[in-house]
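The structure under discussion appears below in the form of structure tokens.
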Amino acid sequence: MKLLALDTEVTTWNKGNPFDQRNFLVCSSFCTGDEAGCVAGVEGIQDRINQCDCVVLFNAKFDLHWFRKYGISFKGKRILDGQVAEFILTHQRQRFPSLDGCAEKYLGEKKIDIIKEQYWSKGINTNEIPWEELS
């Protein structure tokens, strides 16, 4: 089974809500095990989805709304949501498990979040972050 992990980075008005007209998708990150990278917008993402069997996301409802907004199709693909998986594995004790919490639990260390600490916490929006840092 060929897996594709995906993530989006979006502008931050109203917590990055995909239905807030001020927001837009800045970049998409991907990893197949053989290849990993970050692309502007959704460049090449549909081709990668077409070549995989299962797409892995964390908080899939957020990213799927964004991808759908940009015309990306997941038709016929299995979707694995790490947040839902953790919710089930922990017997529904935590309604919305965080990626930070899962990283600490399963990897023994906190997720490195330079973007949050150095940019978002200072009111700098995603599209204003230097590409070298964001990607």
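The values are calculated or read from the model by the stated rules, or taken from the named source; none is laboratory data. These figures come from a predicted structure and were not determined experimentally. Heads up, the Cβs are rebuilt from the backbone with ideal geometry, glycines too, and the neighbour counts pull from every protein chain shown. Just so you know, the surface numbers come from the protein's heavy atoms only, side chains and all, with ligands and any DNA or RNA stripped out. Shrake-Rupley method; radii C 1.70, N 1.55, O 1.52, S 1.80 Å.
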- Task: Count, please, the residues in segment 86-104 that happen to be within 22 Å of F30 (Cα to Cα) and either open to solvent by 70 Å² or more (accessible area, probe 1.4 Å) or outside any helix (DSSP H, G or I) (or both).
- Result: 4
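Quick one: count up the residues across segment 73-83 that are under 14 Å from the mean Cα position of the chain (by Cα) and either part of a helix (DSSP H, G or I) or not acidic (D, E) (or both).
So the answer is 4.
From the list L107, L80, exactly one residue is hydrophobic (A, V, I, L, M, F, W, C), touching a strand residue (DSSP E or B) at 6+ places or on another chain (Cβ under 9 Å) and open to solvent by 80 Å² or more (accessible area, probe 1.4 Å). Which is it?
Values: L107 fails: touching a strand residue (DSSP E or B) at 6+ places or on another chain (Cβ under 9 Å).
On inspection, the qualifying residue turns out to be L80.
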- Inside segment 110-133, can you point out the residues that are among the aliphatic types (A, V, I, L, M) and either part of a helix (DSSP H, G or I) or loosely packed, with under 12 Cβ neighbours inside 10 Å (or both)? I112, I114, I115
